[in-house]
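K.L.:
Take this structure first; my questions come after.
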Amino acid sequence: MTPLFALLLPLLLLPLVSAQVPHWGPCPEPAVQPAFSMKKFMGRWFEIAKLPAQFEKGKCIETNFSMKADQTIRVVSSEILKGELRTIEGTGVTEDLKNPAKLGISYSYVLPYSPYWILSTDYENSALIYSCTDVLRLFHMDFAWILGRTRTLPAATVDKAREIFTSSNIDVSRMVASRQQGCD
């Protein structure tokens with residue numbers, strides 16, 4: 001790759017990822033939840049806050065995780081967009097059995113698994129999720145979510161979550177609150 005092309009490639013790709021949060025350099029490698037229990041993590045999670053993502057435009061975003069017989073994870077995400085409930089089903093896998101908090105999730109059998117790392121969770125109240133897509137190690141796009149077992153979390157919990165992301169070298173300055181009103 002020519003040096004000029006290497007400099008121009010991010011600029012050419014930027015319109016495709018305008019909602020994402022691009023940063024120069026490769027993805028950070030944050031620590032994930034130690035002694036992670038997939039069984040405890042299963043169930044319904046509501047999106048409390050997120051870095052902007054092109055694929056999430058609605059409100060009342062939630063994801064339900066359940067274990068399948070083949071030990072893969074059924075991932076059903078939903079949102080309300082323009083008054084209509086939209087759902088999408090995907091598959092999650094533990095990519096490294098020695099590091100079960102590092103999942104891969106795909107919503108299409110033709111797409112590769114995307115990282116879905118559980119940085120922190122208490123299993124009963126909140127979870128911090130991180131994903132990063134590296135583009136030729138020139139730049140990366142971050143995705144980060146604060147999830148809750150309920151549609152709202154105390155401000156102190158959200159503030160602590162943001163601190164954990166920041167201390168893990170993840171820029172959450174553009175993180176926005178998710179809309180969880182008028183969902184039921």
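No value in this document is a laboratory result; all are computed from the given coordinates. Every value quoted in this text rests on a predicted model; they were computed, and no experiment measured them. Positions of Cβ are generated from backbone atoms using ideal geometry, with glycine treated the same way; all protein chains shown enter the neighbour counts.
K.L.:
Sort 82-94, 145-157 by packing, meaning the average of other beta carbons within 10 Å per residue, with the highest value first.
P.N.:
Numbers: 82-94: 12.9, 145-157: 16.7.
With the highest mean Cβ count within 10 Å placed first, the list reads 145-157, 82-94.
K.L.:
If you don't mind, another one. Grab the DSSP H runs of the chain that are 4 residues or longer, score each as -39,500 (n - 2.57), total them, divide by all residues and round the 222 nm result to the nearest 500 deg cm²/dmol.
P.N.:
Details: 3 runs with 28 residues, N = 184.
That calculation yields -4500 deg cm²/dmol at 222 nm.
K.L.:
Based on Cα coordinates alone, diagonalise the gyration tensor for the chain, multiply each eigenvalue by 5, take square roots, and list the semi-axes in whole Å, largest first.
P.N.:
In descending order, the three semi-axes are 26, 20, 18 Å.
K.L.:
Right, another one. Output the 0 to 90 degree angle, nearest 10, between the alpha-carbon long axis of helix 155-167 and the longest principal axis computed from the alpha carbons of the chain.
P.N.:
Rounded to the nearest ten degrees, it is 30.
K.L.:
In a shell of Cβ-Cβ distance under 12 Å around S66, excluding S66 itself, what net charge do Lys and Arg (+1) and Asp and Glu (-1) give? Walk me through the numbers before you get to the answer.
P.N.:
Working: positive: K39, R44, K68, R74; negative: E89.
Around S66, the surrounding residues sum to +3.
K.L.:
Suppose every K and R has +1 on its Cβ and every D and E has -1 on its Cβ; what is the size of the dipole of the chain about the Cα centre, in Debye to the nearest 20? Spell out each step's value before the answer.
P.N.:
Working: 19 positive and 18 negative charges, 53 e Å.
For the chain, the charge dipole is close to 260 debye.
K.L.:
Starting from the amide H of E95, placed 1.01 Å from N in the peptide plane, find each other amide H under 5 Å away whose residue is 5 or more places distant or on another chain.
P.N.:
G104
K.L.:
Contour minus end-to-end for M38 and E89, with contour as 0.36 nm per residue of separation and end-to-end as the Cα-Cα distance? It would help to have the intermediate numbers written out before the result.
P.N.:
Values: separation 51, 0.36 × 51 = 18.36 nm, distance 1.85 nm.
In short, 16.5 nm is gained.
K.L.:
Still on this structure: If I take every Cα pair under 8 Å that is 6 or more residues apart in segment 24-174, average their sequence separation and divide by the length, what percent do I get for the relative contact order?
P.N.:
Working: 301 pairs, mean separation 40.0, N = 151.
About 27 percent, as a whole number.
K.L.:
If you don't mind, another one. To test your reading of the geometry: what angle, between 0 and 90 degrees and rounded to tens, separates the Cα axis of helix 3-13 from the longest principal axis of the chain?
P.N.:
Long axis of 3-13 versus the principal axis of the chain: about 40 degrees.
K.L.:
Can you tally the net charge around K82? Count Lys and Arg as +1, Asp and Glu as -1, for every other residue whose Cβ sits under 12 Å from the Cβ of K82. Don't skip to the end; give the middle numbers.
P.N.:
On the way: positive: K57, K59, R86; negative: E79, E84.
Local charge sum for K82: +1.
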